[in-house]
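Chemist: Please find one structure pasted underneath; my questions will follow.
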Amino acid sequence: MKFTNGYWLTRPQYQIESPREVFDYKQTDNKLTLYAPFKFINERGDELNLGMSTIDLTSPVEGVIGVKLTHFDQNEKGPAYHINNQNPDVAITTGDDELTFTSGGLTARIPFKQTFQLDFLNGDHLLTQSLDKAQGVIHDSSTNKDYMREQLNVGVDDKIYGLGERFGNFIKNGQEVKITNQDGGTASEQSYKNIPFYLTDAGYGVFVDQPQTVDFEITSENVDRVQFSTEGQSLQYYVIYGPTPQEILHRYTQLTGQMQLPPAWSFGLWLTTSFTTDYSEKTVMKFIDGMKERNIPLDVFHFDCFWQKGFEWSNMEWDRDEFPDPASLIKKIHDRGIKVCVWINPYIAQKGKMFEEGKEKGYFVKRENGTIWQWDLWQAGNAFVDFTNPDAVKWYKSKLQALFDMGVDCFKTDFGERIPVDDAVFFDGSDPKREHNYYTLQYNQAVFETIEEAKGKGEAVVFARSATVGSQKYPVHWGGDALSTFKNMADTLHGGLSFLSSGFAFWSHDIGGFEDGPDTPTADLYKRWTQFGLLSSHSRYHGSNVYRVPWNFDDEAVENTRKYVNLKLSLMPYLYTQAAHNAAYGNPLMRPMWFDFTQDLTAHTLDNQYMLGSQILVAPVFNHEGHVNLYLPAGKWTSIIDDNEFYDVKDGKWLSQNYSELDLPVLARENTILLRNPKAVHADYDFTKDLDIHLYDMHEGTTSVAVVDQKGKDAGKVTVDRTGNELKVTTTGLNGNATIYIHENGKTTQVTLNGAATTIKL
């Protein structure tokens, strides 16, 4: 939201007041309160007829400093994001000229009775600052609304990332971003998952703790600053020190909620009915059996909207014309070793039975006149479940439980973005403007908890489209309604990397794209998206009006799907260990290149390739020609698909080359111990048994890697000690037979592991 007309002038409808100096302060054990009037106080008369900002400095987590700007101190309605307060030790200093507030490696420094300025430092190193007139208390005379604004400086080379799942440029500098959840697809500036948190490559991140709409001007209105503003009389934000992106995200998730590890089976391939395609029990079993006949492993089958009758979504009842005995059908699917997911949303159509129940008991969002808030967008007479009503939550959960009793394993929690703001009344009196973004948290929490209650802790997973702060506690999220084009496939990756830079660990997308044209997706797009999808944390075929089974495209699509499903399943000892360790620390499994190569400035700009865990680089193919422009940071890189593809890069290098439709760059970095099981037929298996141990250009000295069990707990370990051309491989906790593959300078040697330790001379 822009308030100025160029650098010097304010737009005529706005009046902006800013702190000019800290005139007084109050100190407690862990809080520093600053009183900053809107002009310099030179005499007693200056204290009359004058506004003032109250600025509270706090620290809920070590290395995090909270700043709350308040004009009028008013009691705000909920909801509010949950903030974990760990009560770390802080240091406060006061003097005649300067005040400081320190938590861990982060210090806030403020001049006292001088021109206002708020600096954030690590030691003597300035990270960012709020300068004179950056903060603003703003009145809009045209609407009689009030806003609060902050502007934080950025350095010459600083890059801004994050702010949720955004499908434009991965680097956010120069963009305007509105934090408000909207059902806008993947080809616009709108987003299903808006997170008021940005990450910088300058050693810090910023979280704006406001559930309502927050407007970011990222070096756009003022090209030297990131500006954020929101309607109201107060503004709370946190500066989070790193200095690495891993540490920043660790502290952010300590603050807002720990990431959860989904069950191992959820990492396998999901196949869906697609959306508007015709399907029945016969169709479903034909697809499932067709995958088995073609030796393509499948872990989850998903029933999209039309498992229910049209005009009755989401009434949680099967369409008995097409599925006369759903419990029997689910058993057939389970007997094939496959889980079952069904689609739901929190909107209740007027024709369905649930509407009458919800209407009678008052379980829907209402209008100010007491009637139910309804419209015809999506389903006729849609009402919205009011998750601020505890009884409504219990009622909704009971409908889900009935599906668990039939054998359903998990839910695709679609929608949750189009939550009314105007003329809306919630049961607990929540402010509709704050509830709009927050609603998805309540919705997905209710579903996730119901799955945990039915299946047990560690077995819950949703497939959610919308998200807000804290939603990382309820995985997994997918990228929404992508277009079936190569360009939107790339946009989807940009959105995913942006989302995964915003405090989330796991993410998926519709393989092949969702929005089909008359001839889309093409066979080559389907194959390329399959590769990308199966090299993402979670993998699901889905579309709108075209079935996504590979044999509908061509024979090579079948071969391609089989190849990359098997590749992913073989990598599960690596992937699930990386997933468990990263989620516990608050980091994503898929992540931007610069996370792991912070010293390589070229890596900071890359958004068409990514790291899958810390050791594997993936560069999807985004064109018909099979052409890839690939950047390799310094080091030795070996393909895990084709051992003959090897690169010894001295100082970072761009490659430009073509790949066949069955191949793409998937490269292990040097000094990698990669544990695999090529015989896996499902994603959930014993990750410690019958492993292939791949060693890629091991460094001198000792390197070790853990492997987790099916619950994500450390269960085994492989250690490699290198002295010159001698490798000693030691294992603990592994079972069965193990084979060692030594990849050294582009050549591969195979050795059988003898006992718990084997010494190999190269």
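The values are calculated or read from the model by the stated rules, or taken from the named source; none is laboratory data. This structure is a prediction, so every number in the text was calculated from the model and none was measured. Don't worry about glycine lacking a Cβ; one is built from the backbone with ideal geometry, like all the others, and counts go over all protein chains shown. What goes into the accessible areas is simple: the full protein's heavy atoms, side chains included, and nothing from ligands, DNA or RNA. Shrake-Rupley method; radii C 1.70, N 1.55, O 1.52, S 1.80 Å.
Chemist: Out of all the residues in the range 245-269, which are out of contact with any Lys or Arg (no Cβ under 6 Å at 6 or more places or on another chain), open to solvent by 10 Å² or more (accessible area, probe 1.4 Å) and under 11 Å from VAL476 (Cβ atoms)?
Modeler: Across the range 245-269, the qualifying residue is only LEU261.
Chemist: If you don't mind, there's one more thing I want to ask. Do you know which residues across the range 729-747 are under 23 Å from PHE687 (Cβ atoms) and part of a strand (DSSP E or B)? Reasoning before the result, please.
Modeler: First, pick out the residues of the range 729-747 that are under 23 Å from PHE687 (Cβ atoms): 729-743.
Hits for the range 729-747 are VAL729, THR730, THR731, THR732, ASN735, THR739, ILE740, TYR741, ILE742, HIS743.
Chemist: Here's a check for you: in the range 710-720, which residue that is open to solvent by 50 Å² or more (accessible area, probe 1.4 Å) and in contact with a Ser or Thr (Cβ under 9 Å, 6 or more places away or on another chain) is nearest to ILE760 (Cα to Cα)?
Modeler: As a first pass, look at the range 710-720 and keep what is open to solvent by 50 Å² or more (accessible area, probe 1.4 Å): 710-711, 713-714, 717.
Now narrow it down to the ones that are in contact with a Ser or Thr (Cβ under 9 Å, 6 or more places away or on another chain): 714, 717.
Working: ASP714: 26, LYS717: 18 Å.
My answer is LYS717.
Chemist: Further, regarding this structure: Is at least one residue of the range 44-52 within 22 Å of THR256 (Cβ to Cβ), at pLDDT 95 or above and surrounded by fewer than 20 Cβ atoms within 10 Å (Cβ to Cβ)?
Modeler: Applying the first criterion (within 22 Å of THR256 (Cβ to Cβ)) to the range 44-52 yields none.
Looking for residues that are within 22 Å of THR256 (Cβ to Cβ), at pLDDT 95 or above and surrounded by fewer than 20 Cβ atoms within 10 Å (Cβ to Cβ), one finds none in the range 44-52, hence no.
Chemist: Please give the strands (runs of 3 or more DSSP E) falling wholly within the range 30-86 in which 3 or more residues are under 15 Å from VAL208 (Cα atoms). Spell out the reasoning first.
Modeler: Details: elements: 32-37, 52-58, 64-70.
Filter on the range 30-86 gives 52-58, 64-70.
Chemist: Looking at (1) out of contact with any strand residue (DSSP E or B) (no Cβ under 6 Å at 6 or more places or on another chain); (2) at pLDDT below 95, which is the only condition LEU249 fails?
Modeler: (2)
So that you can scan it fast, the table gives a plain yes or no per residue for (1) within 20 Å of VAL67 (Cα to Cα); (2) modelled with pLDDT under 95; (3) among the aliphatic types (A, V, I, L, M):
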residue	(1), (2), (3)
MET148	yes, no, yes
ASP158	no, no, no
TYR161	no, no, no
ARG166	no, no, no
GLN175	no, no, no
PHE197	yes, no, no
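Chemist: Taking the options THR450, THR388, name whichever one is polar (S, T, N, Q), open to solvent by less than 10 Å² (accessible area, probe 1.4 Å) and at pLDDT 95 or above. Break it down into steps so the answer makes sense when it comes.
Modeler: Working: THR388 fails: open to solvent by less than 10 Å² (accessible area, probe 1.4 Å).
Only one candidate qualifies: THR450.
Chemist: So, one more: Could you look through the range 469-498, keep only residues that are farther than 18 Å from PRO620 by Cα and in a helix (DSSP H, G or I), and pick out the one that is nearest to the chain's Cα centre (by Cα)?
Modeler: Going through the qualifying residues, I end up with GLN472.
Chemist: Is there a residue in the range 15-22 that is open to solvent by 30 Å² or more (accessible area, probe 1.4 Å), over 24 Å from PHE207 (Cα atoms) and at pLDDT 95 or above?
Modeler: So in the range 15-22, the residues open to solvent by 30 Å² or more (accessible area, probe 1.4 Å) come out as 15-17, 20.
With the extra rule that they be over 24 Å from PHE207 (Cα atoms), the set shrinks to 15, 20.
After this cut, where a residue has to be at pLDDT 95 or above as well, the list is 15, 20.
Checked the range 15-22: at least one residue is open to solvent by 30 Å² or more (accessible area, probe 1.4 Å), over 24 Å from PHE207 (Cα atoms) and at pLDDT 95 or above.
Chemist: Against the definition (over 28 Å from the mean Cα position of the chain (by Cα), in contact (Cβ under 8 Å) with a residue 12 or more places away in the chain and surrounded by fewer than 22 Cβ atoms within 10 Å (Cβ to Cβ)), how does ILE330 come out, yes or no?
Modeler: Working: over 28 Å from the mean Cα position of the chain (by Cα): yes; in contact (Cβ under 8 Å) with a residue 12 or more places away in the chain: yes; surrounded by fewer than 22 Cβ atoms within 10 Å (Cβ to Cβ): no.
So ILE330 does not fit the description; no.
Chemist: Of the conditions (1) part of a loop (DSSP other than H, G, I, E, B); (2) crowded, with 22+ Cβ neighbours inside 10 Å; (3) more than 25 Å from the chain's Cα centre (by Cα), ALA380 satisfies every one except a single condition; which number is it?
Modeler: Of the numbered conditions (1) part of a loop (DSSP other than H, G, I, E, B); (2) crowded, with 22+ Cβ neighbours inside 10 Å; (3) more than 25 Å from the chain's Cα centre (by Cα), the odd one out for ALA380 is (2).
Chemist: Would you mind finding the one in LYS351, LYS412, LYS332 that is modelled with pLDDT of 95 or more and part of a helix (DSSP H, G or I)? Walk me through it before giving the result.
Modeler: Working: LYS351 fails: part of a helix (DSSP H, G or I); LYS412 fails: part of a helix (DSSP H, G or I).
Checking each option against the conditions leaves just LYS332.
Chemist: Before we move on, is THR492 buried (at least 24 other Cβ atoms within 10 Å of the Cβ), modelled with pLDDT of 95 or more and among the β-branched types (Val, Ile, Thr)?
Modeler: Values: buried (at least 24 other Cβ atoms within 10 Å of the Cβ): yes; modelled with pLDDT of 95 or more: yes; among the β-branched types (Val, Ile, Thr): yes.
Spelling it out, THR492 is indeed buried (at least 24 other Cβ atoms within 10 Å of the Cβ), modelled with pLDDT of 95 or more and among the β-branched types (Val, Ile, Thr).
Chemist: Let me ask something else about it. For the range 181-250, which strands (runs of 3 or more DSSP E) that fit wholly inside it have 3 or more residues that are aromatic (Phe, Trp, Tyr)? Steps first, answer last, please.
Modeler: Details: elements: 194-200, 204-208, 214-218, 225-231, 234-241.
Here the list reads 234-241.
Chemist: Within the range 53-78, can you find the residues that are closer than 21 Å to GLU231 by Cα and surrounded by fewer than 20 Cβ atoms within 10 Å (Cβ to Cβ)?
Modeler: Answer for the range 53-78, where residues must be closer than 21 Å to GLU231 by Cα and surrounded by fewer than 20 Cβ atoms within 10 Å (Cβ to Cβ): THR54, ASP56, LYS68, THR70, PHE72, ASP73, GLN74, ASN75, GLU76, LYS77, GLY78.
Chemist: Please verify whether the range 528-539 includes one or more residues that are in contact with a strand residue (DSSP E or B) (Cβ under 9 Å, 6 or more places away or on another chain), surrounded by fewer than 24 Cβ atoms within 10 Å (Cβ to Cβ) and assigned to a loop (DSSP other than H, G, I, E, B).
Modeler: Yes, the range 528-539 contains a residue that is in contact with a strand residue (DSSP E or B) (Cβ under 9 Å, 6 or more places away or on another chain), surrounded by fewer than 24 Cβ atoms within 10 Å (Cβ to Cβ) and assigned to a loop (DSSP other than H, G, I, E, B).
Chemist: Next question. When you look at VAL565, is it closer than 29 Å to ASP519 by Cβ, in contact (Cβ under 8 Å) with a residue 12 or more places away in the chain, open to solvent by less than 10 Å² (accessible area, probe 1.4 Å) and assigned to a loop (DSSP other than H, G, I, E, B), yes or no?
Modeler: Details: closer than 29 Å to ASP519 by Cβ: yes; in contact (Cβ under 8 Å) with a residue 12 or more places away in the chain: yes; open to solvent by less than 10 Å² (accessible area, probe 1.4 Å): yes; assigned to a loop (DSSP other than H, G, I, E, B): no.
So VAL565 fails the test.
Chemist: Being part of a strand (DSSP E or B) and crowded, with 19+ Cβ neighbours inside 10 Å is the requirement here; does ILE760 meet it?
Modeler: Working: part of a strand (DSSP E or B): yes; crowded, with 19+ Cβ neighbours inside 10 Å: no.
Answer is no for this residue.
Chemist: Still on this structure: Of the residues GLN615, GLN657, which is open to solvent by 10 Å² or more (accessible area, probe 1.4 Å) and within 28 Å of the chain's Cα centre (by Cα)? Don't jump to the end; show me each part of the working.
Modeler: Numbers: GLN657 fails: within 28 Å of the chain's Cα centre (by Cα).
Among GLN615, GLN657, only GLN615 is open to solvent by 10 Å² or more (accessible area, probe 1.4 Å) and within 28 Å of the chain's Cα centre (by Cα).
Chemist: Follow-up question, since we're still on this one. Sort out which residues of the range 354-368 are out of contact with any Lys or Arg (no Cβ under 8 Å at 6 or more places or on another chain) and either in contact (Cβ under 8 Å) with a residue 40 or more places away in the chain or open to solvent by less than 50 Å² (accessible area, probe 1.4 Å) (or both), and write them in order of number. First the steps, then the outcome.
Modeler: Looking only at the range 354-368, we keep the residues that are out of contact with any Lys or Arg (no Cβ under 8 Å at 6 or more places or on another chain), and these are 355-368.
PHE355, GLY358, GLY362, TYR363, PHE364, VAL365, LYS366, ARG367, GLU368 - these are the residues of the range 354-368 that are out of contact with any Lys or Arg (no Cβ under 8 Å at 6 or more places or on another chain) and either in contact (Cβ under 8 Å) with a residue 40 or more places away in the chain or open to solvent by less than 50 Å² (accessible area, probe 1.4 Å) (or both).
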